[in-house]
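A.B. asks: Let me begin by handing over the structure; questions about it come next.
The values are calculated or read from the model by the stated rules, or taken from the named source; none is laboratory data. Because the structure is predicted, anything quoted here is derived from the model rather than measured. Neighbour counts run over all protein chains shown; Cβ positions are idealised from the backbone, glycine included. The accessibility values were calculated without ligands, DNA or RNA, using every heavy atom of the protein model including side chains. Shrake-Rupley method; radii C 1.70, N 1.55, O 1.52, S 1.80 Å.
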Amino acid sequence: MLDIKFVRANPALVQEALDKRGAKISLDDFLAMDQKRRAILVEVEGLKAERNRVSQEIARLKKAKEDAENLVVEMRAVGDRIKVLDEELAAIEGEMENVLYYIPNIPHASVPVGVSEADNPVVRTWGTPKPMDFTPKPHWDLGESLDILDFQRGAKITGARFTIYKGLGARLERSIINLMLNTHTDRGYREILPPFIVNRQSMMGTGQLPKFAEDMFGISGTEYFLIPTAEVPVTNMYGSEILDGDQLPIHHCAYSACFRAEAGAAGRDTRGLIRQHQFNKVELVKFTKPEDSYAELEKLTADAEHILQLLELPYRVITLCTGDMGFSSAKTYDIEVWLPSFETYREISSCSNFEDFQARRAGIRYRSNPKAKPEFVHTLNGSGLAIGRTVAAVLENYQQADGSVIVPEALRPYMGVDVIRPE
RNA sequence: GGAGAGAUGGCCGAGUAGGUCGAAGGCGGUCGCCUGCUAAGCGAUUACACGGGCUUAAACUCGUGUCGCGGGUUCGAAUCCCGCUCUCUCCGCCA
């Protein structure tokens, strides 16, 4: 959510930012509502001030056993008028809030202007795909022939885009989770295991709601939602709090299952682990002072990359252009891992600086010193990494001509085996 | 799930036969004083949001709102009424 004072003071700048994003929102109506709101506020507050003053006068008169009936009658009328104005005010504030909640973040000045993923520049590339003297199989074929992934039965017990991991497949998923959590905690992130279900307010806080309700799994009969990412519970942990400046930066890592309805994505990546309604992810979340957030974004991205380096998986980093960025983000790097069967790089992590966009929605503030006024923190997060896609990348990049898969060095202590063969 | 108790400022804790209470007192914090150092002591100060005025801005100042959340009664609500949420205790159930 943007600062209404900032919007008021810089309407042209905000409008330009919205246009660059391709957001079809006009601020004119909003600014007109803002003006009306303040006019009503001035009137109603004046009336309330009068009522407060006269009410004290009534108290004084009654104590002195004098007649106050005239004033009471007068204030009754004032009270009626206040009630009417308060209702008008609530209506207009509701409308404004509704607009404000649907306005995306303003892109950082360093974000390239563009309309689609085709305009995302590559920042750097790490590693080179291993040459293969055979045709690489897609991970779903490998998973099925090794009997470690079961898409058929996953669909039977739940539905499409739900997968069962078996044997060393389950072990691989768990090993990757542990490798990531151990690595990140060693590098200064405090581990969190959050609830996988959150309330509506948390979903508002990080920006999934109200705009993207159709992408979420809500729990019928309740106001609860399955989390689409650990970002939601972990970021909202400090909602409505004022932190001490010396607590910052806060670095958290968190494993969670993630649940996404992604109604609009049907038809893409229908096979394999790439696009599931339920997947596992280790998330990195940071709370920083505003002046540090962009340096922290670089470090966070590097921490996510570090996992791919440990696994020796080739990847590249791209900057999302203005037209391709997520709703809440001010700047996003995507990390894309090489998938041989796709003959391309696919997203495995998304690292974003939200600046104060989420902090304002969720009410996460800090004091730079004990006497300072509270300011909004900056929040950042990134996948560190998506587990299912990492499994896919490991299977595909480490496959051999005979259909077996070599276990990457870094995972062997967790896996207990060097090679995955049909059992 | 059933029964009961509770929710006040950073923390503890007063305040309910409605009236000058944003809220006593204590602790903690900050600033100043004092003091070989430390400890102790003395004084002052110490919520947040929104809006008006002033201003480049801040500071300042005025006002409004906030005593879990939302609504109601009333000239006036921390105090009365209704709904909700959360916490605690006991019972039941349960991994």
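A.B. asks: P(r) tail for region A:4-101, what percent of Cα pairs lie past 18 Å? Walk me through the numbers before you get to the answer.
C.D. replies: Values: 2870 of 4753 pairs.
Result for the distance tail: 60 percent.
A.B. asks: Moving to a separate point now. So for region A:257-334, taking the charge dipole from beta-carbon charges (+1 Lys/Arg, -1 Asp/Glu), which of A:Leu310, A:Gln278, A:Ser329 sits furthest toward the positive end?
C.D. replies: After comparing all options, I get A:Gln278.
A.B. asks: Give me the three principal axis extents of region A:117-420 from the C-alpha atoms, as integers in angstrom, largest value leading.
C.D. replies: 67, 44, 39
A.B. asks: Of the lysine pairs in region A:157-300, how many meet both conditions: Cα atoms under 28 Å apart, and a spacing of 8 or more in sequence or different chains?
C.D. replies: Details: A:Lys166/A:Lys281; A:Lys211/A:Lys281; A:Lys211/A:Lys286; A:Lys211/A:Lys289; A:Lys281/A:Lys289; A:Lys281/A:Lys299; A:Lys286/A:Lys299; A:Lys289/A:Lys299.
For region A:157-300, the number of qualifying lysine pairs is 8.
A.B. asks: Just how large is the dipole of region A:293-423 about the Cα centre, in debye to the nearest 20, putting +1 at every Lys and Arg Cβ and -1 at every Asp and Glu Cβ?
C.D. replies: Working: 13 positive and 18 negative charges, 188 e Å.
Dipole of region A:293-423, to the nearest 20 debye: 900 debye.
A.B. asks: Which lysines have a Cα lying under 20 Å from the Cα of A:Lys83, excluding residues fewer than 8 positions away in the same chain?
C.D. replies: The qualifying lysines are A:Lys36, A:Lys48.
A.B. asks: Please work out the Kirkwood hydrodynamic radius for region A:146-240, using every pair of different C-alpha atoms, and report it in angstroms with one decimal place.
C.D. replies: Numbers: mean 1/r = 0.0635 Å⁻¹.
Mean inverse Cα-Cα distance, inverted, gives 15.8 Å.
A.B. asks: Any idea what the relative contact order of region A:186-271 is, in percent, if you count C-alpha pairs under 8 Å spaced at least 6 apart?
C.D. replies: Details: 111 pairs, mean separation 34.8, N = 86.
Reported as a whole number, the value is 40 percent.
A.B. asks: In addition: Toward the positive end of the charge dipole of region A:4-101, about the Cα centre and with charges on Cβ (Lys, Arg +1; Asp, Glu -1), which of A:Asn98, A:Ala39, A:Val72 goes farthest?
C.D. replies: So the residue we want is A:Val72.
A.B. asks: I would also like to ask the following. May I ask you to rank A:Trp126, A:Trp338 by accessible area, largest first, using a 1.4 Å probe over the protein chains only? The partial results should precede the final answer.
C.D. replies: Numbers: A:Trp126 90, A:Trp338 50 Å².
The ranking, largest first, comes out as A:Trp126, A:Trp338.
A.B. asks: In addition: Please determine, in degrees from 0 to 90 and to the nearest 10, the orientation of helix A:69-101 with respect to the longest principal axis defined by the Cα atoms of chain A, where the helix direction is its Cα long axis.
C.D. replies: That works out to roughly 20 degrees.
A.B. asks: Still on this model: Using alpha carbons only, how many angstrom separate the centre of region A:210-226 from the centre of region A:375-398?
C.D. replies: 23
A.B. asks: Rank A:Leu100, A:Leu89, A:Leu297 by mean-square fluctuation in a GNM of chain A with C-alpha springs under 10 angstrom and give only the top-ranked residue.
C.D. replies: Looking only at A:Leu100, A:Leu89, A:Leu297, the largest GNM fluctuation is found for A:Leu89.
A.B. asks: Next up: When a/c reaches 1.5 or more, the comparison of a/b and b/c decides; with that in mind, is region A:112-171 rounded, prolate or oblate per its Cα gyration tensor?
C.D. replies: Numbers: a/c = 3.02, a/b = 1.58, b/c = 1.91.
It is oblate, given that a/c is not under 1.5 and a/b is not larger than b/c.
A.B. asks: Relative contact order, percent, of region A:1-85 when contacts are C-alpha pairs under 8 Å separated by at least 6 residues?
C.D. replies: Details: 24 pairs, mean separation 20.0, N = 85.
The value is 23 percent.
A.B. asks: May I pose another question? Give me the dipole magnitude in Debye, nearest 20, for chain A about the Cα centre, with unit charges on the beta carbon: positive for Lys and Arg, negative for Asp and Glu. Display every interim value, and only then the final one.
C.D. replies: Working: 51 positive and 61 negative charges, 147 e Å.
Dipole magnitude for chain A comes out near 700 debye.
A.B. asks: Pop out the carbon and sulfur fraction of the accessible area of chain A as a percent, whole number, probe 1.4 Å.
C.D. replies: 50
A.B. asks: I've got another one for you. Which whole-number percent is the relative contact order of region A:117-420 (Cα, under 8 Å, 6+ apart)?
C.D. replies: Numbers: 648 pairs, mean separation 73.7, N = 304.
Once normalised by length, the contact order is 24 percent.
A.B. asks: Pop the C-beta distance of A:Asn178 and A:Glu423 into the FRET formula with R0 = 30 Å and round what comes out to the nearest 0.05. Don't skip to the answer; put the middle values down first.
C.D. replies: On the way: r = 22 Å, r/R0 = 0.72.
E(calc), rounded to 0.05, equals 0.90.
A.B. asks: For A:Glu223 and A:Ser26, what does the FRET efficiency come to when R0 = 30 Å and r is the distance between their Cβ atoms, rounded to the nearest 0.05? Don't jump to the answer; show the numbers that get you there.
C.D. replies: On the way: r = 32 Å, r/R0 = 1.06.
E between A:Glu223 and A:Ser26, to the nearest 0.05, is 0.40.
A.B. asks: Something else: Gaussian network model of chain A, Cα springs within a sub-10 Å range: biggest mean-square fluctuation belongs to which of A:Ile40, A:Ile335, A:Ile148?
C.D. replies: A:Ile40
A.B. asks: Taking the Cα of A:Leu100, stepping 7 Å toward and past its beta carbon, and measuring to each backbone N in region A:363-406: which are under 12 Å?
C.D. replies: A:363
A.B. asks: Another question, if that's okay. How much length, in nm to one decimal, is gained on full extension between A:Arg412 and A:Gln56, taken as 0.36 nm per residue of separation minus their Cα-Cα distance? Spell out each step's value before the answer.
C.D. replies: Values: separation 356, 0.36 × 356 = 128.16 nm, distance 7.74 nm.
Going from the current span to full extension adds 120.4 nm.
A.B. asks: Looking only at A:Arg124, A:Arg53, A:Arg190, which one moves most when chain A is put into a Gaussian network model with springs between Cα atoms under 10 Å?
C.D. replies: Judging by the Gaussian network model, the answer is A:Arg53.
A.B. asks: How big is the dipole moment of region A:130-236 about its Cα centre under a simple scheme where the beta carbon of each Lys and Arg is +1, that of each Asp and Glu is -1, and everything else is neutral? Debye, nearest 20, please.
C.D. replies: Numbers: 12 positive and 12 negative charges, 20 e Å.
Using only the charged Cβ atoms, the result is roughly 100 debye.
A.B. asks: Continuing with the same structure: Considering the options A:His184, A:Phe151, A:Leu168, tell which one lies farthest towards the positive end of the dipole of region A:146-185, charges being +1 on Lys and Arg and -1 on Asp and Glu at the Cβ, about the Cα centre.
C.D. replies: The Cα lying farthest towards the positive end belongs to A:Phe151.
A.B. asks: Also, quick follow-up: Hey, what's chain A come to in accessible area per residue, 1.4 Å probe, Å²?
C.D. replies: Numbers: 20190 Å² over 423 residues.
Dividing the accessible area of chain A by its residue count gives 48 Å².
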